[in-house]
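The values are calculated or read from the model by the stated rules, or taken from the named source; none is laboratory data. None of these values were measured; they are calculated from a predicted model. Cβ coordinates were reconstructed from backbone atoms using ideal geometry, including for glycine residues, and neighbour counts include every protein chain displayed.
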Amino acid sequence: MAAVDPAALAARIGYRFRDETLGELALRHRSWVSEQRARPGAEPESNERLELLGDAVLNLVVSEHAYTSYPHMSVGQLAKVRASVVSGDALAEAAGAAGLGELLLMGRGEEAAGGRLRRSILADAAEAVIGAVYLDGGWVPARRLVLSLLAGRIEAMALDPGGDDHKTVLQERAAQQTGAAPSYRCCYSGPDHERLWRAVVRIGDRDCGAGEGATKKQAEQAAARAALAEFPEAPSPDASPEDANMEDGPPPTMSEGRHDRVT
């Protein structure tokens with residue numbers, strides 16, 4: 001039966017398991033388990049139960065970190081930060097950067113289809129590893145692992161909560177400025193495990209932006225981001241004419257009531 005090298009896993013996640021079977025369990029994809037069960041006497045478990053536990057630990061770590069680190073944030077902003085950080089795309093990127101795909105125990109068919117690069121598999125593996133570390137070492141090493149994987153994204157999102165949601169921003173601005181709602185046309189190319197999506201956003205009677213991504217959602221967000229160039233944020237109704245004409249003067253202070261956001 002295949003095994004995961006404990007030293008290789010420790011090097012990637014910065015944690016050495018006391019119970020090395022937990023580390024291996026976290027990297028057992030169900031396709032590998034199915035192949036093992038075809039052998040007499042083999043009844044291994046997949047990483048799916050650990051994935052469920054890891055998801056709960058992940059959400060708690062990110063919520064606690066954001067809550068204590070950014071006391072100025074509203075509950076809505078905290079929720080947006082958490083949603084972005086614990087998304088499948090964010091976890092897949094973190095797992096890929098850590099090299100977890102190389103260590104996965106995977107069935108031959110899934111591996112041949114590019115499973116080691118499949119974003120959903122990588123995201124699930126990240127959650128399973130988090131769950132395994134929690135069971136093996138408790139809260140402190142699990143929290144340390146989550147933050148080592150995602151702290152950079154948490155910080156980036158905290159600078160502009162919801163800033164990745166270009167579709168919502170575009171919808172609001174388009175409604176205010178044109179009265180029309182954006183619509184998206186999407187298509188993709190490439191094999192199933194390496195699809196490249198392309199989206200075009202249309203507002204009224206014209207195409208306003210296009211974008212590409214590894215998923216339909218990413219492509220639509222990229223298209224919305226491109227379209228926002230045609231729908232700049234309206235000046236604050238509280239701004240005076242003098243403020244509107246100041247191009248080269250010093251930036252306003254917080255006490256002057258200006259909170260412009262660059263998009």
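Number of residues in segment 36-72 that are modelled with pLDDT under 90 and charged (D, E, K, R): the value is 3.
The set of residues from segment 65-86 being touching a residue at least 24 places away in the same chain (Cβ under 8 Å) and either under 23 Å from VAL133 (Cα atoms) or not assigned by TED's automatic domain parsing to the domain that holds GLY138 (or both) comprises HIS65, ALA66, SER84, VAL85, VAL86. Taken together, PRO40, PRO6, PRO44 contain a single residue that is under 18 Å from ALA126 (Cα atoms) and over 26 Å from the mean Cα position of the chain (by Cα), which is PRO6. Looking across segment 206-220 at every residue that is more than 13 Å from the chain's Cα centre (by Cα) and of a type in the set (A, V, I, L, M, F, W, C), the one that is surrounded by the most Cβ atoms within 10 Å (Cβ to Cβ) is identified as ALA219.
Take LEU135 and tell me if it is farther than 19 Å from THR68 by Cβ, surrounded by 14 or more Cβ atoms within 10 Å (Cβ to Cβ) and not assigned by TED's automatic domain parsing to the domain that holds TYR70. In short, no.
May I ask you to verify whether ARG49 is in contact with a Ser or Thr (Cβ under 7 Å, 6 or more places away or on another chain) and assigned by TED's automatic domain parsing to the domain that holds ARG144?
Details: in contact with a Ser or Thr (Cβ under 7 Å, 6 or more places away or on another chain): no; assigned by TED's automatic domain parsing to the domain that holds ARG144: yes.
Here the answer is no, as ARG49 does not meet what is asked.
Does GLY213 satisfy the condition of being modelled with pLDDT of 90 or more and among the small types (Gly, Ala, Ser)? Taking the combined requirement at face value, the residue does not satisfy it.
Given the conditions (1) modelled with pLDDT of 90 or more; (2) surrounded by 15 or more Cβ atoms within 10 Å (Cβ to Cβ), and given that VAL75 satisfies all but one, which numbered condition is not satisfied? For VAL75, the exception is condition (2). Hey, does segment 153-163 have a residue that's modelled with pLDDT of 90 or more and not hydrophobic (A, V, I, L, M, F, W, C)? No, because not a single residue in segment 153-163 is modelled with pLDDT of 90 or more and not hydrophobic (A, V, I, L, M, F, W, C). I'm trying to understand the selection: among the residues of segment 181-203, which are surrounded by 13 or more Cβ atoms within 10 Å (Cβ to Cβ) and at pLDDT 85 or above? Hits for segment 181-203 are PRO182, TYR184, ARG185, CYS186, TYR188, TRP197, ARG198, ALA199, VAL200, VAL201, ARG202, ILE203.
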